Every structure is written in C-alpha cells, then in structure tokens.
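Below is one structure, written out as structure tokens; comments come after it.
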Amino acid sequence: MSESEPESQESITVVLPDGSELEVPEDATVEDCAYEIGPGLGRDTVAGKLDGELVAKEEPVYDGVELEIVTEGSEESLRVMRHSASHCLAQAVERHYDDVELAIGPPTDDGFYYDFDNLDVDEEDLAALEGEIEEIVDADYEIEREDVSIEEAEERLADEPYKLELLEEFADENDTVSFYKQGEWEDLCAGPHVDSTGEIGVVSLLEIAGAYWRGDEENTMQTRIYGTAFEDESDLEEFIEQRREAAERDHRRIGSEMNLFSIQDVTGPGLPLYHPPGKTVLKELESFVETLNHDAGYEYVETPHVFKTDLWHRSGHYENYEDDMFIFDVGDDEFGLKPMNCPGHAAIFQDQSWSYRDLPIRYAENGKVYRKEQRGELSGLSRVWAFTIDDGHLFVRPEGIEREVETIMDMIVDVLETFDLDYEMALATRPEKSVGSDEIWNQAESQLESVLEKRDLEYDLEEGDGAFYGPKIDFAFEDAIGRSWDGPTVQLDFNMPERFDLTYVGEDNEEHRPVMIHRALYGSYERFFMMLIEHYEGNFPLWLAPEQVRVLPISDANLEYASEIADRFDEFRVEVDDRDSTLERKIRAAHDDRVPYQIIVGDNEQEAGNISVRDRFEDQEYDVSIDDFQDHLEAERDEKRTEPDFLQ
RNA sequence: GCCUGGGUAGCUUAGCGGUAAAGCGCGUCCUUGGUAAGGACGAGAGCCCGGGUUCAAAUCCCGGCCUAGGCUCCA
C-alpha cells in the first residue's frame, strides 16, 4: 500500500503483481499504465484486472489499486475473446432473425453463451449461424467502446426490454454506461473486448438450451445458444477431443456395457437396478467401509425405509424438506420414505439411558434414502431418487469431538488414497442463522481446526458456510481426467440432540447433551460408484473388478484343463471362455469386457502343468507357475492395488 | 417443473409417408485355431404409450411417459 506521502493531485500509485509501484497521472487508464511499463506490453494489452476484477483496458485506474495487465495468450484474454465471440453470435442471430430480443451473453469457463427471447431456432440452424459468425470475423470490424449517458442508453435500447431492465439497475450506481459497437451492431456491455472481430479465432456453436431470464423459474424461458471459441483450430480440436473422451467414460454407457446397472422405464426414474456385476463392485465397496468401521469401533444398526411422519416432524425434516420427500397415507396415518438416516439413529440412541462411560456411541448403516429431486435434475447414477449412504452417526461428549473427528479423517484419507484420488479439505464455520450456544460453537470449531492443523495439510476456511446446526469439514477430490467432485463430509450437529432430547449422565451425575456427528466416507454409493466408473473408465482394480480372471483355452482340447485351472482360482471371480472361437477372438472379448487378467492354456501349458498370463495392458508371459500367480493375485487384491501389476 | 434434442432387435445405430435394415451380441454348424474380430446359416422388433391426419404412419400432427443437455460463473 502507498506510503504516507502527501497526496498529489496529478499522480496516483498503482501496485503491480510483483509488488512494485507505478506512478501514473490521475486520469490514466489500464492501457496507459501498460504503456508506462513498456510499449510492447502496451500493444499487447487486451484488458486489465483491477483488484482482481476483469475490466476493459479503457477503464481508469485509481490510487492504490492492484493492477494486473491481461495480455494476448493468457487465460483471461481467452475469456475476453470468447465474450467478443458471443457478441458476434448475437450479431449473426439478429442478421438472420427479426424481432429477437437480447438478454445477456457472457463468457463461461469453457466458452460462452448468449440468451435471446423470441427466437425460434433448432440445431440445424447452428451451421448457418456459424457461417455468419465466420463472415463477421473475416470482415474484421473494429470493436469500439463508447461511454454514453443513461438517457442516451435508454433511447438506444428502446426495443430491448431486457437490456432496459439491466440498465435500470446500473443507473442507480453509474452516470454512464458503455456500449460496444462492431459494424452495424452494438450492445450494452461492460466489456472488455478484443479490438476487432478479426482477432477472434475459431468459433463453434455447441448446443441450444432453455434458460430462465436471470435464472429464476418465475421468469420467461429464453433461448440460449452455447458456443466456444479458441485462438486456433487445433485448440478447438483438442477441446472436442476432450469432450469425446469424457463421453467415452460416461458411466451410463460403461454401466450398460459391463452390465453393472440399469434404470428402466417400467421401474421408474432415478431408481437404479444393480445387476450382478454391479452389485459385486458395490459389495466390495461396502465391505471395505465395513472393515474400516469395525476397526474404528462402529456398531451396525438397521432402520426401515419408511417411518411415520411423526419422526420427520420431530427431526425437523418434514418442515424443511417436505417437498423433497415421498409422503403418503396409510389408513389414518401419514408415512414418509426416509430422506436421511440420522433420525432413525437418534431414535435408537434415545431408546435407552447412557452414561458418559458409554460414549462415544458410533452407529453405522448402509442406509437407503429417498429424495424426490426435480425430474430434470435426474441423471444416471449421479442424481437419483433412491440412493445408499455409508452413513455413520456418533454421539459424543462435547469435549470428545476432536478425538472422534481425527479418527474419521483417518478413515476418509484411507478411502481417498485407496482410490488414488487427490483431495482438498475445507472447514465451514458458523453461519449467521444457527442453533446452539456460542460456547459449544467455539469449542467445536476450535476442535475441528485443531484436527486440521495437526495434519499439516492445507485447507480452505469457508467462514459462515456451515450448516445452521453445526460446523463441518468437507472434502473435494479430483478424478483421473481432472474433474472435481464433492466428497466425504464430517458434520457436527447440535440440533438433532435437542430435538430428540438426547442425554447422557456425566461424571457429575447430571444429564448432559451429547453432540451428534454425521459422517460418510463415500457419500452416496451411487455417486461414488459413478465417479469410480468414470475415473477408471470401467477398468477397475483387481479387488473391485466384477470378473477378475478369465481362462481362455486355446482349443476345446484344453477345455478340461481350463476348468481345472478355474477351480484352482476359485477364491477369485473367474470365468472360462468355453465358446467355440479362436484365441484372438477370446482375447479381444476379454479385453472388451475389461477383465484385468487372462490365463491362456493350450497343449504346452497343459503338458507342463503351468499357465500363460496376459493382462489388460497386452503384456504376456509364458510358463507361469500357478502358485506364483495365485500368490500375486492374493496380494494384489488384498492390498487393493490400482493396476494389475503381475507383468509390470 | 420449464426449454431444446432423442426413444427402431439384448447393445450401438440407419431408415423419416408405400414389404422394417446393418454391425456387435446370441444360437446351430463348419473350422481346432498360440496372443486385439475365421466362415456359413439362423433366431430375435407390439418401431416408447395413447389419440388424430391419410388409401397408406416407425415416418406427419396432438397428448403422455422415459431419456440427454441446459435453466444468472450477473450488461
């Protein structure tokens, strides 16, 4: 920050990213500053960032601001270029269609969109619009910025009701607004933009979607056209390739190919059916947490899928969650499918009296829950109506939070590392509206913080982002192609114990209120399973693979030996490919079915009493001893290694 | 819920007013094959459901169901 030197009327100070300071005249713009640093930088300037906010290069700087110059080739400049591309889209649309009303057209993380009202297009029209955009780019119109008064803007936007609505809001804070003009077309826009349409690289329109004006379903539905733009063709091709790769990992496709699960019309939306191979994977996942739970002193409980709504009134779910619950009448009583497992567990705890010596109590359940998400939100296994949580609820003394949370964190880290997932943590603290005393909040938060500090790992502090009933630690992890997912959580709850009037008798022989901890290691099995399918592209580690080994006899003269071998490996999920087919086809099939290991047996193996082994990386080895391979498989499975590594 | 696509054999898709197609998979047979597709034949489809238009509908229209992608990273 600037020193206490006397404030000059003629010059102000801006702070550059390296911490150095630059003196510039009072009315200097971002671009002026860039030229001040160097003429080369001045010429390359696309836009600027003032205190982190992206602005046009024409924007004036102010005293003490942290200034960053955005130049060509930077990520920010790509955003600027895409924003300009969205203007070209709007220009093209207005050339092709009459009476269209413009809404907004910002850049996004991987492209841009523009929203229009009164526009009727379908996907076949996109090619024509792309062609028009190309012409606009080729015409190389200069993009001119103009600051005009509010009154002047109102006149210019007389035919644009949505723009007028926006303008009204800006009018409160600004005397002037900016327009950007290219050729015959102009738009109310804060910018920044590139200097001319010729600087826009290659533009591609992707899809049409509906979008509510300002995202509010009370408002009219507009037509949104999504597109993207890149500096050059090869970047666009790479982008399309990435989308193709993501599509190839789509768990719905792989799930159907591998016969993992189905979601059928007759059974209803968002209600997945797990087929034997899929349930095999789930069972492995279940038994993994069961081991962790057992080691950490959890006891398994089981609660029904349906409860009288009395329970949901008591837990508060009915009041807060009614629209998302499946509720129905049976005779004179009202029942509801459970949207969460915690009330059932609280009811179990409540059923007897407890001493401080009994605590902590740790209940676990693979509990299926039902939430009536909006139909349009449902998608494969990632958004469903019925899903299973590897739920755990702990009832602890307030001073015992730290110790328990520490154990839970160990379990979570164990899980994430087993699947080779990089993760981040965040601590969410007390929001404005909350229940519970200052004392308990402070005590809880400081214990959570202490757990995080001890790990010596970085974490984000999300102040005020906790639930109203308690603070929490959230995990997020990244999959094999860099996508980020919400992961496990540890959540403290001061509310549920109140609602259920949960107590334990302390050393002082007085009744005390326990704190409840909600925790899940996977979150929901459905979501985690989906993520694993896409993370591994269906190539599960040995311990998870629905079929672990396939025995391929070279000819049917070796069928008997093949089944003998299969018997030797019957502690694994092993199949014999006994179809009348060539070895090549059998190998191909085993590959397509993503089996980690193939055992190949022909006359040579049969005579020698050994096997040939091939893995999914196409490596192979002859004359393998059955015992050696068996030992290896056991170790690979039990250590939950990620890749088949016998031949690696 | 709302917008835009889509729903045809177990799977992936073609056909888009005039006799329902292909590849994979499945079955039978020939082939007995040594490291990513040998060959022949065959079975398999209320073309999502309901209504309408038409001499004629998988195809066009209306309604429903399911499904995919969207539904303020603020001009």
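The values are calculated or read from the model by the stated rules, or taken from the named source; none is laboratory data. These figures come from a predicted structure and were not determined experimentally. No Cβ is skipped: glycine too gets one built from the backbone with ideal geometry, and neighbour counts run over all protein chains shown.
Residue-wise test of (1) part of a loop (DSSP other than H, G, I, E, B); (2) in the same structural domain as A:Ile517 (by TED's automatic domain parsing); (3) modelled with pLDDT of 85 or more.
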{"position": "A:Ser446", "(1), (2), (3)": "no, yes, yes"}
{"position": "A:Leu452", "(1), (2), (3)": "no, yes, yes"}
{"position": "A:Asp460", "(1), (2), (3)": "no, yes, yes"}
{"position": "A:Asp465", "(1), (2), (3)": "yes, yes, no"}
{"position": "A:Ile473", "(1), (2), (3)": "no, yes, yes"}
{"position": "A:Phe477", "(1), (2), (3)": "no, yes, yes"}
{"position": "A:Ala480", "(1), (2), (3)": "yes, yes, no"}
{"position": "A:Asp486", "(1), (2), (3)": "no, yes, no"}
{"position": "A:Thr489", "(1), (2), (3)": "no, yes, yes"}
Matching residues, the stretch A:104-146, being within 8 Å of RNA strand B (Cβ to nearest atom) and under 26 Å from A:Val55 (Cα atoms): A:Ile104, A:Gly105, A:Pro106, A:Pro107, A:Thr108, A:Asp109, A:Asp110, A:Tyr113
message: Yes or no: the stretch A:30-46 includes at least one residue that is in contact (Cβ under 8 Å) with a residue 40 or more places away in the chain and of a type in the set (A, V, I, L, M, F, W, C).
response: yes
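Out of the residues in the stretch A:356-386 that are within 16 Å of RNA strand B (Cβ to nearest atom) and charged (D, E, K, R), which is farthest from A:Leu292 (Cα to Cα)?
Quick first cut of the stretch A:356-386, residues within 16 Å of RNA strand B (Cβ to nearest atom) only: A:370-386.
Remaining after also requiring charged (D, E, K, R): A:371-373, A:375, A:377, A:383.
On the way: A:Arg371: 27, A:Lys372: 31, A:Glu373: 31, A:Arg375: 36, A:Glu377: 33, A:Arg383: 27 Å.
Taking the candidates together, the pick is A:Arg375.
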- prompt: Taking the stretch A:87-107 only, how many residues are within 13 Å of A:Arg224 (Cα to Cα) and assigned to a helix (DSSP H, G or I)?
  reply: 3
message: Please verify whether A:Glu636 is without any contact (Cβ under 8 Å) to a residue 12 or more places away in the chain and either exposed (fewer than 13 other Cβ atoms within 10 Å of the Cβ) or more than 8 Å from RNA strand B (Cβ to nearest atom) (or both), treating the condition exactly as stated.
response: no
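Of the residues A:Ala590, A:Ala557, only one is touching an Asp or Glu at 6+ places or on another chain (Cβ under 9 Å) and either more than 27 Å from A:Arg253 (Cα to Cα) or of a type outside the set (Gly, Ala, Ser) (or both); which? Quick ask: steps written out before the conclusion?
Working: A:Ala590 fails: either more than 27 Å from A:Arg253 (Cα to Cα) or of a type outside the set (Gly, Ala, Ser) (or both).
None of the other options fit; the residue is A:Ala557.
Each row is one residue, and each column tells you yes or no for (1) in a loop (DSSP other than H, G, I, E, B); (2) more than 10 Å from RNA strand B (Cβ to nearest atom); (3) surrounded by fewer than 18 Cβ atoms within 10 Å (Cβ to Cβ).
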position	(1), (2), (3)
A:Tyr226	no, no, no
A:Ala229	no, yes, no
A:Leu236	no, yes, yes
A:Ile254	no, yes, no
A:Asn259	yes, no, yes
A:Gly268	yes, no, yes
A:Leu271	yes, no, yes
statement: Taking first residues from the stretch A:605-621 that are in the same structural domain as A:Asp567 (by TED's automatic domain parsing) and farther than 11 Å from A:Pro644 by Cα and second residues anywhere that are small (Gly, Ala, Ser) and near RNA strand B (Cβ under 8 Å from one of its atoms), the pairs with Cβ under 7 Å that are 6 or more apart or on different chains are A:Glu605/A:Ser612; A:Gln620/A:Ser612; A:Glu621/A:Ser612
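Looking only at the stretch A:508-529, which residues are assigned to a strand (DSSP E or B) and out of contact with any Asp or Glu (no Cβ under 9 Å at 6 or more places or on another chain)?
Within the stretch A:508-529, the subset assigned to a strand (DSSP E or B) is A:511-512, A:515-524.
If the condition is that a residue be assigned to a strand (DSSP E or B) and out of contact with any Asp or Glu (no Cβ under 9 Å at 6 or more places or on another chain), then A:Glu511, A:His512 are the ones that fit.
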task: Would you be able to say whether some residue in the stretch A:192-204 is more than 30 Å from A:Glu238 (Cβ to Cβ), assigned by TED's automatic domain parsing to the domain that holds A:Met81 and touching a strand residue (DSSP E or B) at 6+ places or on another chain (Cβ under 7 Å)?
output: no
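So how many residues does the stretch A:147-163 have that are within 14 Å of A:Leu102 (Cα to Cα), in a helix (DSSP H, G or I) and within 11 Å of RNA strand B (Cβ to nearest atom)? Talk me through it step by step, then tell me what you get.
Here is the first cut: in the stretch A:147-163, the residues within 14 Å of A:Leu102 (Cα to Cα) are A:156-163.
Those left that are additionally in a helix (DSSP H, G or I): A:156, A:161-163.
Of the ones still in play, those that are also within 11 Å of RNA strand B (Cβ to nearest atom) are A:162-163.
Total satisfying the criteria: 2.
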query: Limited to the stretch A:576-632, what total is found for residues that are near RNA strand B (Cβ under 10 Å from one of its atoms) and in a helix (DSSP H, G or I)?
result: 16
Given (1) in a strand (DSSP E or B); (2) over 19 Å from A:Val100 (Cα atoms); (3) near RNA strand B (Cβ under 8 Å from one of its atoms), number of the condition A:Val203 does not satisfy: (3)
message: Condition first: within 15 Å of A:Val549 (Cβ to Cβ) and aliphatic (A, V, I, L, M). Now tell me which residues in the stretch A:597-648 satisfy that.
response: A:Ile599, A:Ile600, A:Val601, A:Ile611, A:Val613, A:Val624, A:Ile626, A:Leu633, A:Ala635, A:Leu647
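Scan the stretch A:1-52 for residues that are of a type in the set (D, E, K, R) and either in a helix (DSSP H, G or I) or modelled with pLDDT under 80 (or both) and jot them down.
Taking the stretch A:1-52 first, the residues of a type in the set (D, E, K, R) are A:3, A:5, A:7, A:10, A:18, A:21, A:23, A:26-27, A:31-32, A:36, A:43-44, A:49, A:51.
Of everything in the stretch A:1-52, those that are of a type in the set (D, E, K, R) and either in a helix (DSSP H, G or I) or modelled with pLDDT under 80 (or both) turn out to be A:Glu3, A:Glu5, A:Glu7, A:Glu10, A:Glu31, A:Asp32, A:Glu36, A:Arg43, A:Asp44.
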field: The one condition in (1) within 16 Å of RNA strand B (Cβ to nearest atom); (2) touching an Asp or Glu at 6+ places or on another chain (Cβ under 8 Å); (3) farther than 18 Å from A:Ala34 by Cβ that A:Leu89 fails to fulfil
entry: (2)
field: Residues satisfying the stated conditions in the stretch A:165-178, i.e. within 8 Å of RNA strand B (Cβ to nearest atom) and either at pLDDT 80 or above or outside the structural domain of A:Ala103 (by TED's automatic domain parsing) (or both)
entry: A:Leu166, A:Leu167, A:Glu169, A:Phe170, A:Val177, A:Ser178
- prompt: Looking at the stretch A:546-574, which of its residues are small (Gly, Ala, Ser), in contact with a strand residue (DSSP E or B) (Cβ under 9 Å, 6 or more places away or on another chain) and in contact (Cβ under 8 Å) with a residue 24 or more places away in the chain?
  reply: A:Ala562
